[in-house]
Amino acid sequence: MITQGYLLGERYKILDTLGEGGMANVYLAEDIILQRKVAVKVLRLDLQRDPQTLKRFTREAMATSELSHPNIVSVLDVDTDQGLPYMVMEYIKGPDLHQYLHDNYPLPFTEVIRIMDQILSAVALAHKHNVIHRDLKPENILIDENTGKIKIADFGIAVALNQSTITQTNSTMGSVHYMSPEQTKGGLVTKQSDIYSLGIILYELLAGKVPFGGETAISIALKHLKEPLPDLKEIVPNLPQPLENVVLCATAKDPRDRYESVLTMKADLDTSLNPERANEPVFKPSHNPALEETRVIPTIISSEDAALKNVKEEKKQKPAKKKKFWQTFKEHKVWLLSSIFAIIVVLICLILALSKTNQTTVPDVSDFDENQAKQSLQAAGLKIGEIEYQYSDKVAKGKVIKTLPTKGNSIEKGKSVDLVISKGAGLTTVPDLVGVYYTQAKKRLEKLGFKVEKETDYSTEISRNYVMSQSIEAGERVNAAKTTIVIVVSKGSRKKAKPKQFKVKDLTGYSLKSAQDYAEENGLTLKTEERYSDTVEKGLIISQNPTAGVTMARGDTLEVVVSKGKQDSSSASSDSASSDSSSDTNSVNKSVSISYDSSKGNNGNGNHIQIYIADDNHQITNVYRDFYITQNTTLNIPFSLKNGSGTLIVVNDGTTVTNERVTK
């Protein structure tokens, strides 16, 4: 075993041991060049001495490095260190699928499909490159704790070993729970073998456990070979039939009855919850092959053959002697053993035939009350065994949920049958969800059996996507299966529409048409005034208010003074009176400074400013300008003061900050 601190390949510093398997050891290491954590897998020392295994490991490692897929652990490097072959892979921090299922079971059907979709997609790519995993199991499927993405590991390792090694001992049969029938017989492993393993993984995700268990690997393997899959609906009564059919098709005993490809299985799985498939019949395999006797492990066979060969050679070397009884028996042992076997078979058949007269079938007493069920069982010649009471959301209180053994099973008369009686729907305490993130609250309720509906509303106290309230108060005890809880989720604080703000352009020297176009493009109201000018050509703008660079918003008023050209002598005298009159009504520009208050404007738009003016053209009750500021701002406000004075009021977020009289 490689020790902590060892520098593998002068690049990968060993930090810790991640796992020690029957085929390889996995270490956590640091890539000192790229300064990142990686996983390093090294074949076991006893396998490294086999030249053929070394050759195949290197070949398969290189092939695996070509499997580029988001759901396959990436192989980053393949090399040797002082004769030790190793593979460097990306390090996935998070649980494997086995641990994830243990912590989160039961999983919603949609979650099961999401997980399987990623697994199937990865295996499909491997099969496209003619790489068969051969050891698919939840322990080889990792879940990134940061992204939730599925990652399949150990591609190539299983195929680096011959089948006799895979099936040789219990220590190397960790995957026997997911092994296909043809693998247990030592047959050819194909893509359909991987599909069988995928079907068992899907079964486990739905049921929370593997279909077959046993004390030894051989007993489990024989169950995969001969026994039908335990009824999933006994464990998951609400399982949709199309979803169960995916399991049944993938785990058919005969590979010919399984899916043709992983992509076909994926397509079937993706539509298994569609309403139009709800009434789909139960999948039935079309082949019923006679199961072959399980092959003896090749390594064991070879040792027995060698022993028999030695015995025969010894016989040849010994001189011929007079035949004795045992010699005669040995010469005719095949015929004698066949005869004995035939007699035993006949006796067994006779015993079974005679015993059938003492057999009965467990009657269906579902939905019977306790007394009716007892009478029905006694009428069938059976005794009443233990009576257990359980909560049930589907069976009324006092009615039979099921029998043990279950209905339809053949049983000897006089044997006991246990009854499971409903206690009615169990009550569940409603949890306190206020302040809990929505997805976590929804998952928690669904795990308890509640149905969840979502509503949204604005809130200044509860952050966005967190629960504001729930329709049933925390602490109440209700029937979860028949209860829908409405949770109101915060949309955050309500934001006022922020007017489009911009700094006004310098329009002096532009034509009136240009000013009109600018005002229209920016949603401004344009107010014009004409004056004579000795310096500005007729039709061009002399000045503007607000001046260039001042912040404005759509709806504001922009005032411009347009040149009438030079004033001639004839019009000077005629306009003198109006000029004098104009002097009485000259516009007054009032400069006002507005300070930005960072403690206000929590809606994210800044300070809300409203300006009111009273002059010859405006009433104090009407808003003159309405806008937002995010910094200290200075404005020039024009007043027309024919009557001598006016009023200016500035309101900042509802507070009057300026209220003054304006004069010429």
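The values are calculated or read from the model by the stated rules, or taken from the named source; none is laboratory data. Here the structure is a predicted model, which means the values were calculated and not measured. Using ideal geometry, Cβ is built from the backbone for each residue, glycine included, and neighbour counts are taken over all protein chains shown.
Within segment 272-283, is even one residue crowded, with 17+ Cβ neighbours inside 10 Å, modelled with pLDDT of 95 or more, within 21 Å of the chain's Cα centre (by Cα) and not β-branched (V, I, T)?
Within segment 272-283, one or more residues are crowded, with 17+ Cβ neighbours inside 10 Å, modelled with pLDDT of 95 or more, within 21 Å of the chain's Cα centre (by Cα) and not β-branched (V, I, T).
When K93 is evaluated against the numbered criteria (1) modelled with pLDDT under 95; (2) over 26 Å from L18 (Cα atoms), which criterion, by number, is the only one it fails?
(2)
In segment 234-268, what count of residues is obtained for those that are among the charged types (D, E, K, R), crowded, with 19+ Cβ neighbours inside 10 Å and farther than 19 Å from L205 by Cβ? Please lay out each step first, then the result.
First, pick out the residues of segment 234-268 that are among the charged types (D, E, K, R): 234, 244, 253-254, 256-258, 260, 266, 268.
Those left that are additionally crowded, with 19+ Cβ neighbours inside 10 Å: 244, 253, 257-258, 266.
Cutting the leftovers down to farther than 19 Å from L205 by Cβ gives us 253, 257.
Total satisfying the criteria: 2.
Scan segment 593-622 for residues that are within 20 Å of G523 (Cβ to Cβ) and either loosely packed, with under 14 Cβ neighbours inside 10 Å or assigned by TED's automatic domain parsing to the domain that holds M552 (or both) and report the count. It would help to see each step written out before you state the result.
Let us first name the residues in segment 593-622 that are within 20 Å of G523 (Cβ to Cβ), namely 605-606, 608-611, 618, 622.
Subset that is either loosely packed, with under 14 Cβ neighbours inside 10 Å or assigned by TED's automatic domain parsing to the domain that holds M552 (or both): 622.
So the answer is 1.
Kindly indicate the residue of segment 424-447 that is within 30 Å of E388 (Cα to Cα) and surrounded by 15 or more Cβ atoms within 10 Å (Cβ to Cβ) and also modelled with the lowest pLDDT among those meeting that condition. Outline the logic, then answer.
Applying the first criterion (within 30 Å of E388 (Cα to Cα)) to segment 424-447 yields 424-431, 444-447.
From the residues that got through so far, the ones that are surrounded by 15 or more Cβ atoms within 10 Å (Cβ to Cβ) too are 424-425, 428, 430-431, 445-446.
Values: G424: 78, A425: 71, T428: 82, V430: 89, P431: 89, L445: 91, E446: 89.
The residue in question is A425.
Taking K233 and the conditions (1) touching a residue at least 12 places away in the same chain (Cβ under 8 Å); (2) in contact with a helix residue (DSSP H, G or I) (Cβ under 8 Å, 6 or more places away or on another chain), which numbered condition does it fall short on, given that it satisfies the others?
Result: K233 passes all but (1).
Being of a type in the set (A, V, I, L, M, F, W, C), farther than 29 Å from T110 by Cα and not assigned by TED's automatic domain parsing to the domain that holds K394 is true for just one of L188, L248, L202. Which residue is that?
Working: L248 fails: farther than 29 Å from T110 by Cα; L202 fails: farther than 29 Å from T110 by Cα.
Only one candidate passes the filter, namely L188.
Which residue is surrounded by the fewest Cβ atoms within 10 Å (Cβ to Cβ), if the candidates are limited to segment 96-110 and must be over 14 Å from the mean Cα position of the chain (by Cα) and in a loop (DSSP other than H, G, I, E, B)?
Y105
It is to be established whether one or more residues within segment 160-177 are more than 18 Å from the chain's Cα centre (by Cα) and at pLDDT 85 or above. Lay out the reasoning, then the answer.
Taking segment 160-177 first, the residues more than 18 Å from the chain's Cα centre (by Cα) are 160-177.
Of the ones still in play, those that are also at pLDDT 85 or above are 176-177.
So far as segment 160-177 goes, yes, one or more of its residues are more than 18 Å from the chain's Cα centre (by Cα) and at pLDDT 85 or above.
Examine segment 57-73 for a residue that is at pLDDT 70 or above, outside the structural domain of K149 (by TED's automatic domain parsing), assigned to a loop (DSSP other than H, G, I, E, B) and out of contact with any strand residue (DSSP E or B) (no Cβ under 9 Å at 6 or more places or on another chain), and state whether such a residue exists.
Within segment 57-73, one or more residues are at pLDDT 70 or above, outside the structural domain of K149 (by TED's automatic domain parsing), assigned to a loop (DSSP other than H, G, I, E, B) and out of contact with any strand residue (DSSP E or B) (no Cβ under 9 Å at 6 or more places or on another chain).
If you check A474 against the conditions, is it within 25 Å of Y391 (Cα to Cα) and either of a type in the set (S, T, N, Q) or within 26 Å of the chain's Cα centre (by Cα) (or both)?
On the way: within 25 Å of Y391 (Cα to Cα): yes; either of a type in the set (S, T, N, Q) or within 26 Å of the chain's Cα centre (by Cα) (or both): no.
Against the criterion (within 25 Å of Y391 (Cα to Cα) and either of a type in the set (S, T, N, Q) or within 26 Å of the chain's Cα centre (by Cα) (or both)), A474 does not qualify.
What number of residues within segment 599-622 satisfy the criterion of being modelled with pLDDT of 80 or more and within 13 Å of N652 (Cα to Cα)?
7
For every residue, the table says whether it meets (1) touching a residue at least 12 places away in the same chain (Cβ under 8 Å); (2) closer than 18 Å to I235 by Cα; (3) within 35 Å of the chain's Cα centre (by Cα).
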{"site": "Q378", "(1), (2), (3)": "no, no, no"}
{"site": "V395", "(1), (2), (3)": "yes, yes, yes"}
{"site": "G398", "(1), (2), (3)": "yes, no, no"}
{"site": "L404", "(1), (2), (3)": "yes, yes, no"}
{"site": "L419", "(1), (2), (3)": "yes, yes, no"}
{"site": "G426", "(1), (2), (3)": "yes, yes, yes"}
{"site": "P431", "(1), (2), (3)": "yes, no, yes"}
{"site": "L448", "(1), (2), (3)": "yes, yes, yes"}
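Can you tell me which condition E537 does not meet? The list is (1) without any contact (Cβ under 8 Å) to a residue 40 or more places away in the chain; (2) surrounded by 15 or more Cβ atoms within 10 Å (Cβ to Cβ), and all the others hold.
All conditions pass for E537, except number (2).
Only one of (1) under 30 Å from I384 (Cα atoms); (2) surrounded by fewer than 16 Cβ atoms within 10 Å (Cβ to Cβ); (3) not polar (S, T, N, Q) fails for V417. Which number is that?
Result: V417 passes all but (2).
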